[in-house]
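First comes the structure, then the notes that go with it.
The values are calculated or read from the model by the stated rules, or taken from the named source; none is laboratory data. Predicted model, so just to flag it, every value in this text is computed and none were measured. Because the Cβ atoms are built from the backbone with ideal geometry, glycine has one as well, and the counts that use them run over all protein chains shown. Each accessible area value is taken on the protein alone, full model and side chains, heavy atoms only, with ligands, DNA and RNA left out. Shrake-Rupley method; radii C 1.70, N 1.55, O 1.52, S 1.80 Å.
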Amino acid sequence: MIMKPIYVLNGPNLNRLGKREPEIYGSTTIAEIEAWCHEAAGGRAVRFHQTNAEHQLVDWVHEAIDEGAGIVINPAGLSFRSIPLLDALKMFPAPIIELHISNIHRREEIYHHSLVSKVATAVIAGLGPKGYPIAVRALIDMVDKVDRVEGG
Ligand code: DHK
């Protein structure tokens, strides 16, 4: 059985990880995080993307709707205001794990209400960059349960 890839999608400013507010986001770069995700996937295909453009993130969600088994998404600042991203994620038929490096609920009020959480299967916030491989493992466990049921 050919297993569909999982998507790890990242929103604006995450390309600056490593230099960006290290006291909040740590010093790990997005490239290091991508490597961790591939390693955590244990051979399952991972499509890892980052963009500063809302429309590109929406386009990747559309691609995942057609080709993906599950999504880990750090929408970054788009978490709180993007109706287009929410509308795209509503169409996604499989598990979604929303991830934030920081604990957004301990930060400024503007970061407290994620629209994406309304459609996420699970939310991880505050584990730092190591949240990514944890999210990948958790998503694969969720998806494999579905595959096993469907695949028999
Ligand atoms: C990353 C961002 O860029 C912020 O806009 C979010 C999130 C927090 C994170 O913790 O990964 O509010």
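A few comments on the model shown:
- Residues (among the charged types (D, E, K, R) and within 15 Å of the ligand (Cβ to nearest atom)) located in segment 118-144: 130
- Only one of the numbered conditions (1) open to solvent by 50 Å² or more (accessible area, probe 1.4 Å); (2) outside any helix (DSSP H, G or I) is violated by residue 84, and that is (2).
- Restricting 84, 133, 75 to residues that are at negative phi, out of contact with any His (no Cβ under 9 Å at 6 or more places or on another chain) and of a type outside the set (Phe, Trp, Tyr) narrows the list to 133.
- For segment 90-110, the criterion of being away from the ligand (no atom under 16 Å from the Cβ), part of a helix (DSSP H, G or I) and at pLDDT 95 or above is met by at least one residue.
- Residue under evaluation residue 70, criteria (1) touching a Pro at 6+ places or on another chain (Cβ under 8 Å); (2) surrounded by fewer than 18 Cβ atoms within 10 Å (Cβ to Cβ), criterion not met: (2)
- Restricting segment 127-146 to residues that are open to solvent by less than 40 Å² (accessible area, probe 1.4 Å) and closer than 23 Å to residue 86 by Cβ leaves a set whose member that is modelled with the lowest pLDDT is 143.
- Meets criteria (in a helix (DSSP H, G or I), open to solvent by 30 Å² or more (accessible area, probe 1.4 Å), in contact (Cβ under 8 Å) with a residue 24 or more places away in the chain and not hydrophobic (A, V, I, L, M, F, W, C)) for residue 55: yes
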